[in-house]
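Notes follow once the structure below has been shown.
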């Protein structure tokens, strides 16, 4: 289990919404909670048509990055809390400016209040 901080970009198994199956995708740490828990926003390769999102490019990374052929999108309306032990890996760290822009788009109540821990769901693999 690793120690993760606000601004880290990780890989974890999460769903973009309650209607889709979980799959391994990048996530942005927006807050740390009690030891072993991190609050994240998932990242998608496609912008949402009905929920706020923010473009993410290689220029938004201070270190590391994603294997991007085009922009990805941080789903700022989808805030989840996951266990550090459920993280698959770390891809990099965002710049302070990019992190501030993401935090400014996440609803304040979701940045400060306790969030429900999501258990990894079934992935699309094997279906």
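Nothing in this text is a laboratory measurement; each read-out follows from the coordinates by a stated rule. If you're wondering where the values come from, they're calculated on a predicted model, not measured in any experiment. Quick reminder, even Gly has a Cβ in these numbers, built from the backbone with ideal geometry, and neighbours come from all protein chains shown.
The residues 82, 102, 88, 40, when put in order of fewest to most other Cβ atoms within 10 Å, stand as 88, 102, 82, 40. Note on 31, 83: ascending count of other Cβ atoms within 10 Å places them as 83, 31, the fewest first. Among rounded, prolate and oblate, which fits region 33-83 when a ≥ b ≥ c are the square roots of the eigenvalues of its C-alpha gyration tensor, a/c under 1.5 means rounded, and a/b larger than b/c means prolate? Oblate.
Could you tell me how far the Cα centroid of region 78-99 sits from the Cα centroid of region 30-50, in Å? One Cα centre to the other: 7 Å. Cβ crowding within 10 Å, taken as a proxy for footprinting-reagent exposure, orders 72, 49, 44 from fewest neighbours to most as 49, 44, 72.
Orientation-averaged projection of region 8-112 equals 6.4 nm² [convex hull of Cα atoms, one quarter of hull surface area].
Show me the three semi-axes of the equivalent ellipsoid for region 7-66, from the C-alpha gyration tensor (sqrt of 5 times each eigenvalue), largest first, rounded to whole Å.
Values: eigenvalues 68, 57, 23 Å².
Sorted largest first and rounded, they come to 18, 17, 11 Å.
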